[in-house]
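The values are calculated or read from the model by the stated rules, or taken from the named source; none is laboratory data. This structure is a prediction, so every number in the text was calculated from the model and none was measured. No Cβ is skipped: glycine too gets one built from the backbone with ideal geometry, and neighbour counts run over all protein chains shown.
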Ligand SMILES: [Zn+2]
């Protein structure tokens with residue numbers, strides 16, 4: 001049994017600057033990684049960039065630079081954005097790195113030795129921008145690419161094939177024995193019916209492009225960009241050098257639903273052929289529309305994550321993406337929706353609770369945390385934490401946040417009903433201390449639970465509660481028990497966690 005948790009994002013194609021889709025997958029992976037660390041698991045979180053292929057070659061040519069120069073520029077923007085969005089990835093893999101090429105060739109050789117690669121000829125409809133061959137059946141109206149709607153061309157070339165057809169039965173077994181191999185359920189069904197429909201051998205080399213990893217046995221051909229790209233999940237953890245097997249197999253490949261087939265069918269088949277364990281789960285999330293419309297460059301409504309983080313705040317943006325839709329479904333990004341959530345859920349429910357609790361502790365108790373008490377909120381907090389863990393383990397991020405906000409609501413109500421200001425006036429100091437301890441301790445629970453979503457705000461709350469350490473070093477096992485706030489610790493003067501926003 002490995003005691004690690006390995007989560008990945010897809011590696012992003014460098015033909016485009018980062019947009020909300022990239023930010024969404026990466027933030028979700030970060031939430032999961034931070035949560036797993038909070039559970040005390042050694043966690044490895046990998047992201048990176050996919051830099052080979054015809055599209056990159058073409059774009060670079062148009063700009064009069066080399067493909068590598070083009071990639072270097074875009075990679076810088078991705079790395080910048082991940083730093084701004086507080087992404088805690090442990091490594092960043094680029095497919096142009098020697099360590100990646102080494103891993104790809106090793107995997108290719110293992111599959112070759114197994115006898116699963118043969119030389120043939122490939123002919124079909126081809127979309128250059130998508131770098132995809134399409135069958136007649138798959139083409140859209142007017143013989144257009146089903147993915148981008150552009151005109152496709154007839155293309156025939158010498159190609160090496162992977163015997164995917166050999167893996168139909170093993171893949172069916174994998175799916176039947178592991179109902180959680182693909183999530184959510186609708187995506188699982190999609191994959192299952194595709195595999196049941198029969199699998200054709202897969203072309204894994206290209207002669208039309210020079211910008212890729214040449215085949216060791218036939219340097220005229222480069223490896224198909226998808227074969228190359230998928231191997232990042234191994235090269236990023238050091239494969240084939242010793243040590244990678246402490247991390248492999250991946251526990252969760254987070255992807256967008258458009259690249260499901262590559263991850264849930266081709267990738268496990270390559271791995272089976274190479275004699276390597278398959279990932280534990282592929283989770284495909286949905287897409288975002290913007291103000292009810294499909295996001296596109298031509299409409300000029302592409303959401304820029306840099307701008308969103310600057311306008312609304314990093315934590316607010318992260319919170320919104322995880323709270324607005326059930327993870328796995330499609331969602332709509334609207335300015336009104338994000339502002340409403342910031343004002344009602346973050347500023348009013350959460351921020352106000354923090355401010356008024358700390359203000360009362362300072363006013364009535366000189367800012368010192370009273371001795372632990374065992375009030376009615378104890379059960380609620382412990383129950384919420386348990387529920388939260390179940391939901392987070394299931395990647396139900398939205399419902400996990402709902403559970404935390406239910407606890408926040410309970411504490412707000414508790415304050416209204418116990419009315420600490422009256423207790424103070426009536427000099428019922430023992431009850432006053434008890435009430436405030438209960439509120440403070442719930443806030444500590446809330447800080448731990450919101451930390452994966454809003455690391456910076458959670459740290460600020462942690463410090464307001466008087467802690468000096470970094471919350472990222474905490475674990476639920478150590479800190480998830482009631483009574484963890486030390487008596488006598490001084491709470492800070494509250495400052496608003498989430499400023500209110502105008503629409
Ligand atoms: Zn296309």
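Points worth noting:
- Exactly one residue among 303, 361, 282 is in contact with a helix residue (DSSP H, G or I) (Cβ under 6 Å, 6 or more places away or on another chain) and modelled with pLDDT under 95, and that residue is 303.
- Within region 421-449, considering residues that are free of Cβ contacts under 8 Å to residues at least 60 places away in the same chain and within 37 Å of the chain's Cα centre (by Cα), the one nearest to residue 400 (Cα to Cα): 447
- Identity of the residue in region 460-489, under 21 Å from the mean Cα position of the chain (by Cα) and free of Cβ contacts under 8 Å to residues at least 60 places away in the same chain, that ends up nearest to residue 399 (Cα to Cα): 471
- Only residues that are under 32 Å from the mean Cα position of the chain (by Cα), part of a loop (DSSP other than H, G, I, E, B) and within 16 Å of the ligand (Cβ to nearest atom) were counted in region 138-176, giving 7.
- Meets criteria (over 24 Å from the mean Cα position of the chain (by Cα), more than 16 Å from the ligand (Cβ to nearest atom), assigned to a strand (DSSP E or B) and at pLDDT 95 or above) for residue 119: yes
- Among the residues of region 79-86, at least one is in contact (Cβ under 8 Å) with a residue 24 or more places away in the chain, farther than 23 Å from residue 269 by Cα, surrounded by 21 or more Cβ atoms within 10 Å (Cβ to Cβ) and touching a strand residue (DSSP E or B) at 6+ places or on another chain (Cβ under 9 Å).
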